[in-house]
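The values are calculated or read from the model by the stated rules, or taken from the named source; none is laboratory data. Here the structure is a predicted model, which is why all the values come from computation and not from measurement. With ideal geometry, Cβ positions are generated from the backbone for all residues, glycine too; neighbour counts draw on all protein chains shown. The area values use the complete protein model at the heavy-atom level, side chains included, leaving out ligands, DNA and RNA. Shrake-Rupley method; radii C 1.70, N 1.55, O 1.52, S 1.80 Å.
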Amino acid sequence: MSTVRIRAQDFLSKLPLFNEVAPTELDQISAATLELYVPRGAVVFQRGDPCVGFHTVVYGQIKLSSTSPQGGEKVVEIVGPGHSFGEALMFVEKPYIVSAHALADSMLLHISKAAVFDALERSPTFVRKMLAGLSRRVHALISDVEAYSLRSGSQRVIGYLLKGESHEDGDLVTLQVSKTVIASRLSLTPEHFSRILHELSQHQLIRVSGRKVTIMDIEKLRNYAA
């Protein structure tokens, strides 16, 4: 696995959580930051491991998941570049309640709990930013619960395909992870997920080729979701 060297200060300063932190504060946080290079398929941490800080992704993708007593996996979140995970458990000083695995060769920064707590004592701005970040995470979790409880499988799949962007007819959506991982993230079985894609294709709303999904009729696709 090839590695890329970076200055932690340069990367952290571009993140919303740190972009108003004074350079001297950022230097102190960076001094307590570790670079982690995680190959695809490797474990970052397991459920039950102690949480002594939080991670942010420089490049790659990290899957957060839990496993049922029967051995089934539920993907809780897929974390990409510029996003972080583990903050909440760091504050409550509890072990991890999920496991983290690399879906691709990844580089992470691990910011120690001690450095974060020191920064919180010194910087009101950092406190506000950290609370805002945790609030966004709670809002996202509530949205997930609402989606799984109130939306049909087709609505979840269409919402996933159209999230975060303004789409037009002919747009190409690339599935960044396997269909099995996406299905778990949407609380669907892989078979159900495949049936939904097939159904949308039969209605000529999308065209699927491997991980490439072409939007054929955006208006009908949105109406189908509604």
Could you check the simple spin-label distance between ALA114 and TYR59, using points 7 Å along Cα→Cβ, in nm with one decimal?
3.1
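Once you charge only the Cβ atoms, +1 for Lys and Arg and -1 for Asp and Glu, what is the size of the charge dipole of the chain about its Cα centre, to the nearest 20 debye?
On the way: 25 positive and 23 negative charges, 78 e Å.
Value, rounded to 20: 380 debye.
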For region 119-198 and region 36-66, distance of Cα centres in Å
19
Would you work out if region 32-151 is rounded, prolate or oblate? Take a ≥ b ≥ c from the square roots of the eigenvalues of the alpha-carbon gyration tensor; rounded if a/c is under 1.5, else prolate when a/b is larger than b/c, oblate otherwise.
oblate
Shape of region 186-226, Cα gyration tensor, a/c cut at 1.5:
oblate
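Go ahead and run the numbers for FRET between THR67 and ARG207, Cβ-Cβ distance against an R0 of 25 Å, rounding to 0.05. Walk me through the numbers on the way to the answer.
Values: r = 35 Å, r/R0 = 1.38.
According to the calculation, E is roughly 0.15.
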Once neighbouring chains are kept in place and the probe is 1.4 Å, which whole percent of the accessible area of the chain is contributed by carbon and sulfur?
54
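Relative contact order of region 1-132, please, whole-number percent, based on alpha carbon pairs below 8 angstrom and at least 6 residues apart. Kindly include the intermediate steps, with their values, before the conclusion.
Values: 251 pairs, mean separation 46.0, N = 132.
Over region 1-132, the number comes to 35 percent.
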If a/c stays under 1.5 just call it rounded; otherwise compare a/b with b/c (prolate if a/b is bigger, oblate if not). Do that for region 53-110, with a ≥ b ≥ c from the square roots of the Cα gyration tensor eigenvalues.
oblate
Among (1) 51; (2) 58; (3) 48, which is the computed percent of Cα pairs over 22 Å apart?
(2)
Grab region 85-226 and count how many Lys pairs have their alpha-carbon atoms under 28 Å apart, sequence gap of 8 or more, or different chains.
10
Efficiency of FRET from Cβ geometry, GLN176 and LYS94, R₀ 35 Å, rounded to 0.05:
0.70
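Tell me, what is the per residue accessible area of region 108-226 in Å², probe radius 1.4 Å? Please report the intermediate quantities before stating the final value.
Values: 6750 Å² over 119 residues.
Heavy-atom accessible area per residue stands at 57 Å².
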Averaged per residue, what accessible surface does region 23-83 expose to a 1.4 Å probe, in Å²?
51
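Calculate the dipole size of region 35-78 relative to its Cα centre from +1 charges on Lys and Arg beta carbons and -1 charges on Asp and Glu beta carbons; express the result in debye to the nearest 20. Let's see the in-between values first.
On the way: 4 positive and 4 negative charges, 25 e Å.
So the magnitude is around 120 debye.
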How high is the relative contact order of the chain? Use alpha-carbon pairs under 8 Å, at least six apart in sequence, and give a whole percent.
20
LEU34 versus ILE6: modelled label distance in nm, points set 7 Å from Cα along the beta carbon direction:
1.8
